[in-house]
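Peer 1: One structure is given below, represented as structure tokens, and several questions about it will come after.
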Amino acid sequence: MKSVFVYCEITEEGNVAEVSLELLSKGRKLANELSTNLETVLIGHQLDGIPALIFPYGVDVVHLADHPELFPYRTLPHAAVIIDLFEREQPEVALFGATSVGRDLAPRISSAMQCGLTADCTSLEIGDHLESKTQREFKNLLYQIRPAFGGNIIATIINPETRPQMATVREGVMKQEIVDKNYSGKIKKIDLSTILKDEYFAVRILDRHIEQNKINIKSAQVIVAGGYGVGSSENFKMLFELAEVLGGEVGATRAAVDAGFVEHERQIGQTGVTVRPKLYIACGISGAVQHRAGMDQSAKIISINTDPNAPINAIADYTIIGSVSEIVPKMIKYYKANSK
Amino acid sequence: MSFRIIVLAKQVPDTRNVGKDAMKADGTVNRAALPAIFNPEDLNALEMALKVKDQIKGAEVIVLTMGPTRAAEIIREAMYRGADKGYLITDRKFAGSDTLATSYTLYLAVKKLLPCQMVICGRQAIDGDTAQVGPQVAEKLGIPQITYAEDLVTVSEDKVVIKRRLERGVETVESTYPVAVTVHGSADSCRPRISKLLLKNKHARTVTELQAETQDYTELYANRPYLMIDEWTVDDLDAEQGRLGLSGSPTKVKKIDNVILLHKESTFLTSDDRDVESLMKELIGQHIIG
């Protein structure tokens, strides 16, 4: 069975990572299109309760590797488990969350399997391909779609020859969907005795400080986002004020984050978080495609920009022409004046 | 004992300044049309390598880069900041490499320079943001990897302690050698050029660059052999041909779409008080806010 595989990531708290649930949901759809199974690999310790949580996403097989040394995550033992599994099972597709863990692990596996890997996909589809030189036809390939190169283009990447077809996807890009709360699959325990070797534990963890996610822009109903055009972290304070008044959160573009105006956790876009709030207020954001990839599903979009031709205006419901420092205080003022 | 640190660095097109001619018809990057810079996180990596060198007597830092002739610029740049030697891996046969083919090529080059204790590179390059090449080189070398390194906590001749930057915190790990390290942009910035080293190394050239020079460097290079930036082509690497360049790259670009915006009927407003107030009233009325 050439299945679709998803690496199921376990968080610090021992839960399934959100991105993994999203990928299982997407993986189920891809498996349906390919008329195959959705399988997942679950690696860690004390995972007994987890399979029951993920079967409802349409998982047919959970490959379980449970061992005290497999938590917290370390590259080599996790990679060894997956490489061994993939060599036995020959997956058609393998998806990983583009997290600290997934981006550490997936390239290691692609190298060992000598297969292609596409990072930070914003869309995954199934389609055919005709190689123009050889006139060879490939059926049912995974189209790995991502913005590339400064966001001026959208590239569709394929791996015609190598398997699995591997991709990483950021949290929030795919939607979580439970297929059937009674969906039942099989659990297959992986025999670790021949897989784990002492040398895989050469890197020792001395100390860890993992914090709760303090900033949760993903679930915010209102997002006030700022771009490089906001100008400074001082000017961002206005955005925080508006967000607070509206009961929302502050987001930012990569340029604003790179400039040090706000922390990285607030970055929205292809290499940040994908959001779908009720209201998205884009302040001084020109609207590069990587940024839009992370917010264009917002229910309502307001753009505040001095440039009437900024690309973001094309997807905005309202465009206010003017400076952020003039308009944002007015929004605060008139919101306060008109809300009960 | 000898202690060798190999830094993998890349000259990248400055993607912050992309013009119309940036892409070729086959979907690969037209590097010639863009300004070229030292990949930012590779500079963080170079700094970490130099910090190791500062602390371990007799350690040497070797910079490896793969690219066209002009990529020798970043090797000189690294030498001005304290790197001891550089190698340029350059051949038309490497063109069109994806991360897998790139990592294979770099691996072959690193293999020629073994034994080494550490291979250090930036987490990712700004022209692709994939963060794949470091772990892929580590896998091919069969050595452990420490990704997202932020701080060199301690280093000795036997082991290194590194603090890693994760999404939600930090982790401190210890490893023996050899080990591959990828460095995060939050690590210390690279030290500036050192004028003494600038004077010492400003005539460093590759063979190809020397051929283009009008000045005769024969005598200078006889006295100062370290100025020679070695060029390695396919013939210098013990490569399986099928694993190089475009043909050795499993990922193919099926198509490139220019970005087309789905136009909404955007209502244009002014910054006028009346406009802003009526908008806020409307949003409150629709229960979007409030």
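The values are calculated or read from the model by the stated rules, or taken from the named source; none is laboratory data. Keep in mind the model is a prediction, meaning the values are calculated, not measured. Here the Cβ is made from the backbone with ideal geometry for all residues, glycine too, and neighbour counts use every protein chain on show. Quick note on the areas: whole protein, heavy atoms, side chains included, nothing else; ligands and nucleic acids left out. Shrake-Rupley method; radii C 1.70, N 1.55, O 1.52, S 1.80 Å.
Peer 1: If a residue counts only when it is open to solvent by 50 Å² or more (accessible area, probe 1.4 Å), which helices (runs of 4 or more DSSP H) contained entirely in region A:237-339 have at least 2 such residues?
Peer 2: The qualifying helices (runs of 4 or more DSSP H) are A:254-258, A:324-338.
Peer 1: Sort out which residues of region B:77-93 are open to solvent by 10 Å² or more (accessible area, probe 1.4 Å) and part of a helix (DSSP H, G or I), and write them in order of number.
Peer 2: Result: B:77, B:80, B:81, B:92, B:93.
Peer 1: Give all pairs with beta carbons closer than 9 Å in which a residue from region B:156-172 that is in a loop (DSSP other than H, G, I, E, B) meets a residue that is acidic (Asp, Glu) and open to solvent by 20 Å² or more (accessible area, probe 1.4 Å); count only pairs at least 6 apart in sequence or on separate chains.
Peer 2: From residues that are in a loop (DSSP other than H, G, I, E, B), the pairs are B:167/A:265; B:168/A:12; B:168/A:211; B:168/A:265.
Peer 1: Quick one: residue B:126 ticks every box in (1) under 17 Å from residue B:45 (Cα atoms); (2) modelled with pLDDT of 95 or more except a single one, so which number is it?
Peer 2: (2) is the only condition that residue B:126 fails.
Peer 1: Let me ask something additional. In this structure, does residue B:138 turn out to be open to solvent by less than 20 Å² (accessible area, probe 1.4 Å) and more than 9 Å from chain A (Cβ to nearest Cβ)?
Peer 2: Taking the combined requirement at face value, the residue does not satisfy it.
Peer 1: So which residues in region A:188-214 are aliphatic (A, V, I, L, M), surrounded by 14 or more Cβ atoms within 10 Å (Cβ to Cβ) and in a strand (DSSP E or B)?
Peer 2: Hits for region A:188-214 are A:205, A:210.
Peer 1: Right, another one. Return yes when residue B:261 is out of contact with any Cys (no Cβ under 6 Å at 6 or more places or on another chain) and at pLDDT below 95 and no when it is not. Explain how you work it out, then say what you get.
Peer 2: On the way: out of contact with any Cys (no Cβ under 6 Å at 6 or more places or on another chain): yes; at pLDDT below 95: yes.
It is true that residue B:261 is out of contact with any Cys (no Cβ under 6 Å at 6 or more places or on another chain) and at pLDDT below 95.
Peer 1: Of the residues A:112, A:94, A:52, only one is closer than 28 Å to residue B:128 by Cα and open to solvent by 20 Å² or more (accessible area, probe 1.4 Å); which? If you could, list the steps in order and put the result at the bottom.
Peer 2: On the way: A:94 fails: open to solvent by 20 Å² or more (accessible area, probe 1.4 Å); A:52 fails: closer than 28 Å to residue B:128 by Cα.
After ruling out the rest, the residue left standing is A:112.
Peer 1: Determine, yes or no, whether residue A:104 is crowded, with 24+ Cβ neighbours inside 10 Å, within 11 Å of chain B (Cβ to nearest Cβ) and of a type in the set (D, E, K, R). Please lay out each step first, then the result.
Peer 2: Numbers: crowded, with 24+ Cβ neighbours inside 10 Å: yes; within 11 Å of chain B (Cβ to nearest Cβ): yes; of a type in the set (D, E, K, R): yes.
Taking the combined requirement at face value, the residue satisfies it.
Peer 1: Separate question: Any chance you could count how many residues in region B:170-220 are polar (S, T, N, Q), within 14 Å of chain A (Cβ to nearest Cβ), touching an Asp or Glu at 6+ places or on another chain (Cβ under 9 Å) and open to solvent by less than 40 Å² (accessible area, probe 1.4 Å)?
Peer 2: The number of residues fulfilling the criteria is 2.
Peer 1: Could I ask something else about it? Working carefully through the options A:286, A:298, A:339, A:323, find the one that is closer than 22 Å to residue B:268 by Cβ and facing chain B (nearest Cβ under 9 Å).
Peer 2: Residue meeting the stated conditions: A:323.
Peer 1: With respect to residue B:120, is the statement that it is open to solvent by less than 20 Å² (accessible area, probe 1.4 Å), at pLDDT 95 or above and in a loop (DSSP other than H, G, I, E, B) true?
Peer 2: no
Peer 1: Moving to a separate point now. Tell me which residues, restricted to region A:215-235, are surrounded by fewer than 17 Cβ atoms within 10 Å (Cβ to Cβ) and within 27 Å of the chain's Cα centre (by Cα).
Peer 2: A:215, A:216, A:219, A:221, A:233
Peer 1: Test residue A:274 against the stated conditions and say whether it is within 21 Å of residue B:272 (Cα to Cα) and not assigned by TED's automatic domain parsing to the domain that holds residue A:154.
Peer 2: Working: within 21 Å of residue B:272 (Cα to Cα): no; not assigned by TED's automatic domain parsing to the domain that holds residue A:154: yes.
Taking the combined requirement at face value, the residue does not satisfy it.
Peer 1: Quick one: residue B:9 ticks every box in (1) modelled with pLDDT of 95 or more; (2) out of contact with any Phe, Trp or Tyr (no Cβ under 8 Å at 6 or more places or on another chain); (3) closer than 25 Å to residue B:248 by Cα; (4) among the small types (Gly, Ala, Ser) bar one, so which box is it?
Peer 2: Status for residue B:9: all satisfied but (2).
Peer 1: OK, next. Can you tell me which of (1) closer than 14 Å to residue A:97 by Cβ; (2) at pLDDT 95 or above; (3) surrounded by fewer than 21 Cβ atoms within 10 Å (Cβ to Cβ) is the one residue A:11 doesn't meet?
Peer 2: Status for residue A:11: all satisfied but (2).
Peer 1: Output the number of the condition that residue B:231 fails; it satisfies all remaining conditions of (1) without any contact (Cβ under 8 Å) to a residue 24 or more places away in the chain; (2) closer than 30 Å to residue B:142 by Cβ; (3) charged (D, E, K, R).
Peer 2: So the condition that residue B:231 fails would be (1).
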